[in-house]
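Presented below is the structure to which this report refers.
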Amino acid sequence: MKLYYSPGACSMGIHVILEEIGKPYELSLVSTKDGAQHKPEYKAVNPKSKVPALDLDEGGRALTEWPAIALYLGSSNPEAGLLPREPAAQARALEAIDYVTGTIHPNAFTRQFRPANFSVRDEDHPQVIAQAQENADKFFELLDRNWTGDTWILPEGYSVADAALFFVEYWQAKRVGKPLPPKLDRHLKAMLERPAVKRALEQEGLAA
């Protein structure tokens, strides 16, 4: 397999999952800060011009979209125990992933990091960023208030959903520099202690 990633992007969560699984894979750098996702070479891999993408080494097109990649890796590597087998718990894992990738990521962080995507007027950008920061606080407080697991999101234990939550927690704490609510802060600290997370961060040149 080959993971197309950009350091510190949401692909970091998939990188963590691959490290948790422990099977051989390659990394292929797509520097989104330099616009590499829009170049013909990468658009031939993923016409959506975003990371992550995962080449399954099956001769077909690369698998795209964070939830789909996580589901594939979790279900095709059951020995790693990263996806619950009971349908209701599996649905809860996907529910958490969808909230992170479909709500928190775009509305709390894409707005902060790329305000020009949401307004062509430079004078509007501070308002776009401020709204995104308010969204982040609201979304994280909701997760903290409705936390059902112990250290990990699900009562059943560690899963691919934790890798999803990790990348937005990392952005809030490390990139934006704002504190997380108590349960999410504890979750982030537990994630940073996992060997797989440490390896992924080191490979991407990121601080723990």
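The values are calculated or read from the model by the stated rules, or taken from the named source; none is laboratory data. This structure is a prediction, so every number in the text was calculated from the model and none was measured. Don't worry about glycine lacking a Cβ; one is built from the backbone with ideal geometry, like all the others, and counts go over all protein chains shown. Accessible surface areas use protein heavy atoms only, side chains included; no ligands, DNA or RNA. Shrake-Rupley method; radii C 1.70, N 1.55, O 1.52, S 1.80 Å.
A few points about this structure:
- Spin-label model distance (nm) - TYR25 vs ALA207, 7 Å beyond Cα toward Cβ: 2.6
- Pairwise Cα distances in region 101-150 exceed 12 Å in 62 percent of cases.
- Checking the cross-link pairs LYS23/LYS178; LYS23/LYS43; LYS39/LYS178; LYS43/LYS138; LYS2/LYS198 against a 24 Å limit on the alpha carbon distance flags LYS23/LYS178; LYS23/LYS43; LYS39/LYS178; LYS43/LYS138 as lying beyond it.
- Volume per residue for the chain equals 118 cubic angstrom (convex hull of Cα atoms).
- Adding -39500 (n - 2.57) for every DSSP H run of four residues or longer, then dividing by how many residues the chain holds, sets the calculated 222 nm ellipticity at -13500 deg cm²/dmol.
- Trypsin sites (Lys or Arg not before Pro), loop per DSSP, at most 13 other Cβ atoms within 10 Å - longest free stretch of the chain: 122-208
- Rounded, prolate or oblate (a/c below 1.5 giving rounded, otherwise prolate when a/b exceeds b/c) for region 87-208 by Cα gyration tensor: prolate
- The eigenvalues of the Cα gyration tensor, multiplied by 5 and square-rooted, give region 53-130 an equivalent ellipsoid with semi-axes of 34, 17, 7 Å from largest to smallest.
- Using Cβ point charges alone (K and R +1, D and E -1), the dipole size of the chain about the Cα centre works out to roughly 340 debye.
- Beta bridges by DSSP in the chain, antiparallel share as percent, to the nearest 5: 55
- Entry comment: accessible area of region 1-130 is 51 Å² per residue, from protein heavy atoms only and a probe of 1.4 Å.
- Measuring between their Cα centroids, region 114-193 and region 20-48 lie 24 Å from each other.
- Accessible surface of the chain, 1.4 Å probe, proportion on carbon and sulfur as whole %: 50
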